[in-house]
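One structure is given below, encoded as structure tokens.
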């Protein structure tokens, strides 16, 4: 039922939530079976662009998919110009997603940094009970704040101190000291490294969603690997495909 | 029914459409999108005598009309390949061409010998990967070295041997002639062109390996030209590839003298590309009253 496929879908709406951060709703059943933390490949139309763009799923319903992404180059620039009724080509759902059962009976804390925040929404909605969500932003434009407040106890940090506490999501973690028994995190690599160190110090599990340049998105090209502590079962070297074995890894599995 | 069957070194292919090595794994991942039974052949990712970890990331960078890759021939080694990947492909009614890589002559030969008893139909010898420091392209940029490794592999190989040539040479026909003279049964070309992209925001290379292999539509005219030149220079069959995205692109290669074509990076922008290239060739034949694909192979010269 979770088989991935490619489909041409229709944009329902798109808004700019913060400078360069776009919120797109897409009419599709592609995400009907999607798990929190999975992603889709979005195919630009411009012929000069060869590769699809991996974008995390922010929210998935039976007939609707929501992506929140940052304009980072030619492809996402093109997507940001789409309006209601425009066609958009997607493949998905891809990757493994966040493991939910591991949080059973544990107090989970969700950590997001920048454009790593969006997948936390589906995750917060998928986990039982109410979680603590810590999100690190650049400034006071706290995109997805209202949605995240509905899904959990939300705390923000901003780099410029214009909202929440000043600093990054790790500073928020140290400031608010939530009594975490399991961590889920998505964000830039320095943040993920810090989350890993924090979790190891406290001997709690942490699931990290990694990012890498991808070409195929389905595990064929071996472009998006990360270094693993143990030999990977598929590759037979200390490398796992982020698009297929990931993007979510337990912190102790990966050498980041 | 149009005739699309072609033959290379006595092996028949139901049609000339193959995958290009390194872009299609061993077929498993893309089998959800492409009916492998439709393809003339699946050409597998390069396999070495032992597992190779490949290069650090980033390994991929998009460029105008194409992409750079510096995977560095990550592969699980011949043992896993024989136990897992070849049996998977055996379920399908398609030919299998196994791409072989190595750091030394001995490593190439070891893999070729292991494949001797396997169901591989042809062996494609990778002497043209620009992303590894030892072996590979070192054998493919010097005609004498190419002759030597081809002759050595031909002595040990139980299957017909296809030498995959690098475009990163002054005269590709010199390499084609060396391969032919050493007994190669066919040649395939082109592998990627060495390129570089600089990330101007980070003031560093876009790829951890600094350089990478350029593929995609951007390289197609170079590939067509080189296939044409080689077709004039040697008599052995040519498998042509480089930026093929649709049937019309493939027809260009066939007309330039390729007996078969490889679909590579196009699978990334369209996971069904290989099957659609075949549809496009059949459509071209229909529209132009071509009864047999051989009517167009090498028709431009």
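Take the alpha-carbon centre of the range B:165-239, take the same for the range A:181-236, and report the distance between them in whole Å.
Between the Cα centres of the range B:165-239 and the range A:181-236 lies a distance of 35 Å.
Sticking with the crude label model, points 7 Å out along Cα→Cβ, report the distance from residue B:12 to residue A:62 in nm, one decimal please.
Placing both labels 7 Å beyond Cα along the Cβ direction yields 5.2 nm.
Pull up the DSSP beta bridges for chain A and report the antiparallel fraction as a percent, rounded to 5. The partial results should precede the final answer.
Numbers: 37 of 60 bridges.
Expressed as a percentage, antiparallel bridges in chain A total about 60.
Highest first, please rank the peptides B:250-263, B:21-34 by the mean number of other Cβ atoms sitting within 10 Å of their residues.
On the way: B:250-263: 26.2, B:21-34: 22.6.
Peptide ranking by packing, descending: B:250-263, B:21-34.
Taking every DSSP beta bridge that has both residues in the protein assembly as shown, what percent is antiparallel when rounded to the nearest 5?
Details: 54 of 103 bridges.
Given both bridge residues lie in the protein assembly as shown, the antiparallel proportion sits at roughly 50 percent.
By counting other Cβ atoms within 10 Å of each Cβ, how are B:205, B:139, A:98 ranked from fewest to most?
Numbers: B:205 18, B:139 23, A:98 26.
The fewest-first ordering by Cβ neighbours comes to B:205, B:139, A:98.
Return the whole-Å distance between the Cα centroid of the range A:1-74 and the Cα centroid of the range B:117-146.
Taking the Cα centre of the range B:117-146 as reference, the centre of the range A:1-74 is 40 Å away.
Does the protein assembly as shown come out rounded, prolate or oblate by the C-alpha gyration tensor, with a ≥ b ≥ c the root eigenvalues, rounded set by a/c under 1.5 and, if not, prolate when a/b is larger than b/c and oblate if not?
Numbers: a/c = 2.27, a/b = 1.84, b/c = 1.24.
Cα axes put the protein assembly as shown in the prolate bin.
For a test of the definition: using alpha carbon positions, the gyration tensor, and the 1.5 limit on a/c, classify chain B as rounded, prolate or oblate.
Values: a/c = 1.29, a/b = 1.15, b/c = 1.12.
Judged from the Cα gyration tensor, chain B comes out rounded (a/c under 1.5).
Count, for each residue of B:267-277, the Cβ atoms from other chains sitting within 10 Å of its Cβ, then give me the mean as a whole number.
On the way: counts 5, 13, 11, 6, 11, 1, 0, 0, 0, 0, 0.
Mean inter-chain Cβ contacts per residue within 10 Å come to 4.
For chain B, set up a GNM with springs between Cα atoms under 10 Å and report which of B:210, B:14, B:45 has the largest fluctuation.
Between B:210, B:14, B:45, it is B:210 that shows the largest mean-square fluctuation.
By how many nm would the segment from residue B:202 to residue B:104 grow when fully extended, if each residue of separation counts as 0.36 nm and the alpha-carbon distance is taken off? Before the final figure, lay out each step's value.
Numbers: separation 98, 0.36 × 98 = 35.28 nm, distance 3.64 nm.
The span from residue B:202 to residue B:104 would gain 31.6 nm if fully extended.
Just counting partner chain Cβ atoms within 10 Å, what average do the residues of peptide A:223-232 show around their Cβ? It would help to have the intermediate numbers written out before the result.
Details: counts 12, 4, 8, 1, 3, 0, 0, 0, 1, 2.
Mean partner shielding for this stretch: 3.
Quick one: order A:207, A:69 by neighbouring beta-carbon count within 10 Å, fewest to most. If you can, show how the numbers build up before the last one.
Values: A:207 27, A:69 22.
Starting with the residue having the fewest Cβ neighbours, the order is A:69, A:207.
Between residue A:46 and residue A:138, what is the FRET efficiency for a Förster distance of 35 Å, r being their Cβ-Cβ separation, to the nearest 0.05?
On the way: r = 28 Å, r/R0 = 0.80.
About 0.80, to the nearest 0.05.
Could I have the simple spin-label model distance between residue B:90 and residue B:152, label points 7 Å from Cα toward Cβ, reported in nm to one decimal?
3.0 nm
Would you mind calculating the relative contact order of the range B:211-267 from Cα pairs under 8 angstrom and at least 6 residues apart, reporting the percent as a whole number? List each step's numbers first, then the result.
Details: 86 pairs, mean separation 22.5, N = 57.
Relative contact order comes out at 39 percent.
Run lengths n ≥ 4 of DSSP H only: what is the helix-derived mean residue ellipticity at 222 nm for chain B, with -39500 (n - 2.57) per run over all residues, to the nearest 500? Please list the in-between numbers first.
Values: 9 runs with 86 residues, N = 301.
After summing the helix terms and dividing by the residues of chain B, the value is -8500 deg cm²/dmol.
In deg cm²/dmol and to the nearest 500, what is the mean residue ellipticity at 222 nm of chain A if only DSSP H runs of at least 4 residues count, each as -39500 (n - 2.57), divided by the residue total? Numbers along the way, then the final one.
On the way: 5 runs with 44 residues, N = 256.
That comes out to -5000 deg cm²/dmol.
Counting only C-alpha contacts under 8 Å and six or more residues apart, can you give the relative contact order of the range B:1-93 as a whole percent? Show your work: numbers first, answer last.
On the way: 127 pairs, mean separation 23.3, N = 93.
So the answer I get is 25 percent.
Among A:232, A:171, A:29, rank each residue by its count of other Cβ atoms within 10 Å, from fewest to most, as a rough exposure measure.
Taking fewest neighbouring Cβ atoms as first place, the list is A:29, A:171, A:232.
Over all residues in A:46-56, what is the mean tally of Cβ atoms on other chains that come within 10 Å of each residue's Cβ?
Values: counts 1, 5, 8, 7, 17, 9, 4, 1, 0, 0, 0.
That works out to 5 on average.
Based on the mean of other Cβ atoms within 10 Å per residue, sort peptides A:174-182, A:107-115 so the most packed one is first. Spell out each step's value before the answer.
Details: A:174-182: 14.9, A:107-115: 24.7.
Answer by packing, highest mean first, reads A:107-115, A:174-182.
Under 1.5 on a/c is rounded, so check that first for the range A:109-206, then, if it is not, pick prolate when a/b is larger than b/c and oblate when it is not; a ≥ b ≥ c are the square roots of the alpha carbon gyration tensor eigenvalues. Numbers along the way, then the final one.
Details: a/c = 1.58, a/b = 1.10, b/c = 1.44.
The shape class here is oblate.
May I ask you to compute the full-extension gain from residue B:232 to residue B:145, defined as 0.36 nm times their residue separation minus their alpha-carbon distance, rounded to one decimal in nm? Can you show the working numbers first?
Numbers: separation 87, 0.36 × 87 = 31.32 nm, distance 2.25 nm.
Length gained, residue B:232 through residue B:145: 29.1 nm.
What's the FRET efficiency of residue B:1 with residue B:225 using the Cβ-Cβ distance as r and R₀ = 30 Å, to the nearest 0.05? Provide the component values of the computation, followed by the final result.
Numbers: r = 33 Å, r/R0 = 1.10.
Step by step, r from the Cβ atoms, then E = 0.35.
Can you tell me, using C-alpha contacts under 8 Å and at least 6 residues apart, the relative contact order of chain A as a whole percent?
On the way: 608 pairs, mean separation 43.2, N = 256.
Result for chain A is 17 percent.
If you count the DSSP beta bridges with both ends in chain B, what percent of them are antiparallel, to the nearest 5?
Working: 17 of 43 bridges.
The antiparallel proportion sits near 40 percent.
Residue A:176 versus residue A:104, label points 7 Å from Cα toward the beta carbon: distance in nm?
So the label points at residue A:176 and residue A:104 sit 2.7 nm apart.
Rule-based calculations on the coordinates, nothing more; no lab input. Quick caveat: nothing in here was measured; it's all calculated off a predicted structure. Note that we place each Cβ from the backbone using ideal geometry, even for glycine, and neighbour counts take in every protein chain shown.
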